[in-house]
Amino acid sequence: MDPVTVTLPDGSQKQAVKGTRIAEFVAAQIGQGLARAAYAAKIDGAEVDLSRPLERDCKLEVITKKSPEALEIARHDAAHVVASVVQRLFPGTQVTIGPTIEDGFYYDFFREKPFTPEDLEAIEKATNDEIRADQPFVREEVSPDEAIRLFEGKGEKFKVEIVRDIVQRGAKTLTLYRHGDWVDFCLGPHGPSTGKIGVVKLTSVAGAYWRGDSRNPMLQRIYGTAFFDKKDLDAHLARIEEAKRRDHRKLGKELELFMTHPFAPGAAFWLPKGTTLYQLLSDCMRRLLLAEGYVEVKTPLVFNKALWERSGHWEHYQENMFVFESEEQEFSLKPMNCPSHMLIFGHRRRSYRELPLRLHSQDVLHRNEASGTLGGLTRVRQFQQDDAHIYLAEEQIGEEVARIIGLVDRVYQAFGLGHTAKLSTRPEKFGGEAALWDRAEQALEAALAAQGIAYMVAPGEGAFYGPKIDFDVTDSLGRKWQCATIQLDYVQPRRFELSYVGEDNAEHVPVVIHRAIYGSFERFLAILIEHYAGAFPTWLAPVQARLVTVSDRFLPYAREVEASLRAAGARVELDPRNEKLGAKIREGELAKIPFVVVIGEKEAEQRTLSPRRHGGKDLGAMPIAQFAELLSHEGRPPYGAPAGG
């Protein structure tokens, strides 16, 4: 038999007989310990089953339960087991697809009768029983005709449709996976057996249209997750419960921050406290950017389609725009600010002495998101961004990107949000010339290297006009959210025929950096609400202190205190109700106000007040001026503070 050369991750090489299965090779050539720990493998970077044969010289990496890829494979294994159990417990149910998703998996089923919570419990128990039965996963290659006959014989019309689509795209051989007497069409890979999966928890059932099209049959989607260890599962479920407690939609209602209404789908109604929160973020960013040399502009909400044709958005982004006709002309609500900022730059002759020209805006934007994707503040149709477009010479890119990264660091550190960077490169469908893209990508890589910032690369995820650096923030639950972005654009300045007069008196085309730090205010506020669980720090809290009286006798003095604190710039409110003091203090705690201030006989006589921090720490009696100073100190924004504030 012909030998093949297998290169291991440490660079060492071993020989194997062609056709030897990976599991056998690992046991014989590397060691029984690794063979027992193996879950799957990679051949030249592609994930494969341990049962696959070694057919050529290759690089081999063994995937164990400690490998980051293992849990995703195990969850795909679990989806198969769940599907087999559902069809056994509920005969006549048809299977469709069962992919992995972040933190779990789902499987879609066609069944006339809805699954009940009791059904879900029964499926979960039977799934874990089947896992303990430790049935091997067996891969089989078949012809398209064999696959179609198999699933037609089982009455699986959805599987037949999937197979026909795969064949239409040119597939000559298909793969099936069996465990026990159940079989599914699947590309794999899978683990050695069901017993390796660990423990499965089913979390919910939801409706989903076949292939996401409302014209197709409605399916039932069972969501679940799997972990190798029950302790890890319990920790995950605890995080889910904590995330539910912090859900910005729930807290937004409880804390009276915002509301939504079906008359304006995908748009938030900001209530008084939420408006204060929104405005605090807005004002802090404005003052920060003013100190950094930015100038603020405002541009129209509605533009003729000719603008979007020139920018390229009509070709690349039209499906996400609200388009309408007026007087036989087509218009759109603006989905982003960059084309209108291009018009501002180009409205008069520019000199190199003006560069970098930093234009920023907080205008309202609209994007036509599908109704089914809308949710709370994280996916909306109307929003605002802390948007900026910086016009500069090519040699200024490195210094300007460094300045922006410094702003990103400063803002995120103020909220205790860790962050990581990724470089998104040229997509398949892009504007401009490939050579310009290469220059832009190289410039961003050089800027990241100069700052010593570690980053991952996201191939093909750039905007249609340029590559970008995206920043993912990590909140207090360890969840990642994409927020800030730095996009380098050589394309649109050329489309808009922008130029400036250089030091050499010649015309030059500027480069543009598209930049946001919060991203959209709506999404960033959703992140902050959940990050703080609604208990905002004093500087950010819509209400910094609530005054509560022991009885109505002390209301006149309480109103004096309220007026004094407001005059000092504090955001305070008075609870004038004739309720028991303990109840009013508890309500202040539930409202997550940083300070609840008690005013009774002693405070009125001594002209003091007694504040309690959120969480219950009593600070004792103090003069009004002392508490005002405390609020002033803790209420100072960590960025964008007013001059002298």
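The values are calculated or read from the model by the stated rules, or taken from the named source; none is laboratory data. These numbers were taken from a predicted model, which means no experiment stands behind them. In this analysis, Cβ positions are derived from the backbone assuming ideal geometry, glycine residues included, and neighbour counts consider all displayed protein chains. Each accessible area value is taken on the protein alone, full model and side chains, heavy atoms only, with ligands, DNA and RNA left out. Shrake-Rupley method; radii C 1.70, N 1.55, O 1.52, S 1.80 Å.
What 222 nm value per residue comes from the helices of the chain, counting each DSSP H run with n ≥ 4 as -39,500 (n - 2.57) and dividing by all residues, nearest 500 deg cm²/dmol? Write out the running numbers ahead of the final one.
On the way: 20 runs with 222 residues, N = 645.
Taking each H run of at least 4 residues, the total per residue is -10500 deg cm²/dmol.
What is the range 1-60 by shape, rounded, prolate or oblate, if you read a ≥ b ≥ c off the alpha carbon gyration tensor as root eigenvalues and call it rounded for a/c under 1.5, prolate for a/b larger than b/c, and oblate otherwise?
Numbers: a/c = 1.28, a/b = 1.25, b/c = 1.02.
In terms of gyration-tensor shape, rounded.
Out of the total accessible area of the chain (probe 1.4 Å, heavy atoms of protein only), what percent is carbon and sulfur? Let's see the in-between values first.
On the way: 15110 of 30450 Å².
On the chain, the fraction of accessible area on carbon and sulfur atoms equals 50 percent.
Once the other residues with Cβ under 13 Å from the Cβ of T127 are scored (Lys, Arg +1; Asp, Glu -1), what is the net sum?
Working: positive: R75, R88, K125, R132, K201; negative: D77, D119, E121, E124, D129, E130.
Net charge around T127: -1.
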From the coordinates shown, mean projected area of the Cα convex hull in nm² corresponds to which of (1) 29.0; (2) 38.4; (3) 30.8: (2)
Under-5 Å amide H pairs with E296, H placed in peptide plane, nonlocal only: H360
Spin-label zone in the range 343-387 - amide nitrogen under 19 Å from a point set 7 Å from the Cα of K429 along the C-beta vector: 367-371
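With a sphere of radius 9 Å drawn around the Cβ of R426, what net charge do the other residues whose Cβ falls strictly inside it have (Lys, Arg +1; Asp, Glu -1)? Walk me through the intermediate numbers first.
Details: positive: none; negative: E428, D438, E441.
Net charge around R426: -3.
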Built amide H within the under 5 Å cut-off of A484, gap 5+: F471
Whole-Hz couplings from phi, Karplus 6.51/-1.76/1.60, listed for the range 534-541; x for Gly and Pro: x, 8, 5, x, 3, 5, 9, 5
Where chymotrypsin sites (Phe, Trp or Tyr not before Pro) fall in DSSP loop in the range 239-303, at most 11 other Cβ within 10 Å: F263
Residue-normalised accessible area of the chain, given per residue in Å² at a 1.4 Å probe: 47 Å²
Bridge type composition, the chain - antiparallel percent by DSSP, nearest 5: 85 percent
Long-range HN-HN contacts of L219 with modeled amide H, under 5 Å: A208, Y209, W210
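Working with all protein chains in place, sort D181, D618, D247, D10 by solvent-accessible area computed with a 1.4 Å probe, largest first.
Working: D181 145, D618 95, D247 30, D10 125 Å².
Largest accessible area first, the residues go D181, D10, D618, D247.
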The range 30-100-the range 114-179 distance, computed between alpha-carbon centres (Å): 15 Å
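Sorted by accessible area (1.4 Å probe), largest first, how do L498, L271 line up? Could you put the intermediate results ahead of the total?
On the way: L498 10, L271 50 Å².
Sorted by accessible area, descending: L271, L498.
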Span-like helix ranges in the chain, DSSP H, alpha carbon extent 20 angstrom or more, Kyte mean at least 0.5: 70-89
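List the relative contact order of the chain as a percent without decimals, with contacts defined as Cα pairs under 8 Å and 6+ residues apart.
Values: 1180 pairs, mean separation 57.8, N = 645.
Reported relative contact order: 9 percent.
Per-residue counts of other Cβ atoms within 10 Å, averaged by peptide: what ranking do you get for 61-67, 224-230, highest first? Don't skip to the end; give the middle numbers.
Details: 61-67: 16.6, 224-230: 19.4.
In decreasing order of mean packing, 61-67, 224-230 become 224-230, 61-67.
Counting pairs of alpha carbon atoms under 8 Å apart in space and at least six apart in sequence, what relative contact order in percent does the range 213-277 give?
Contact order relative to length: 17 percent.
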Per-residue ³J(HN,Hα) for the range 506-514, Karplus 6.51 cos²θ - 1.76 cosθ + 1.60, θ = phi - 60°, Hz, x for Gly and Pro: 9, 7, 10, 8, x, 9, 10, 9, 8
Vicinal HN-Hα couplings computed from phi for the range 206-211 (Karplus, 6.51 cos²θ - 1.76 cosθ + 1.60; Hz; Gly/Pro x): 9, x, 7, 6, 4, 6
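Starting from the Cα gyration tensor of the range 133-198, take the square roots of the eigenvalues, sort them a ≥ b ≥ c, and report rounded, prolate or oblate (rounded when a/c is under 1.5, otherwise prolate if a/b is larger than b/c, else oblate).
prolate
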Backbone N under 18 Å from the R139 label point (7 Å along Cα→Cβ), restricted to the range 58-73: 58-65, 69-73
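Below 8 Å, C-alpha to C-alpha, sequence gap of six or more: please give me the relative contact order for the range 354-483 in percent. Mind showing how you got there, number by number?
Details: 181 pairs, mean separation 31.6, N = 130.
This gives 24 percent for the range 354-483.
Quick one: of K125/K480; K125/K157; K159/K196; K66/K125; K125/K230; K18/K66, which pairs are farther than 21 Å apart, Cα to Cα? Walk me through the intermediate numbers first.
Numbers: K125/K480 32 Å; K125/K157 28 Å; K159/K196 27 Å; K66/K125 26 Å; K125/K230 14 Å; K18/K66 29 Å.
Too far apart for the 21 Å limit: K125/K480; K125/K157; K159/K196; K66/K125; K18/K66.
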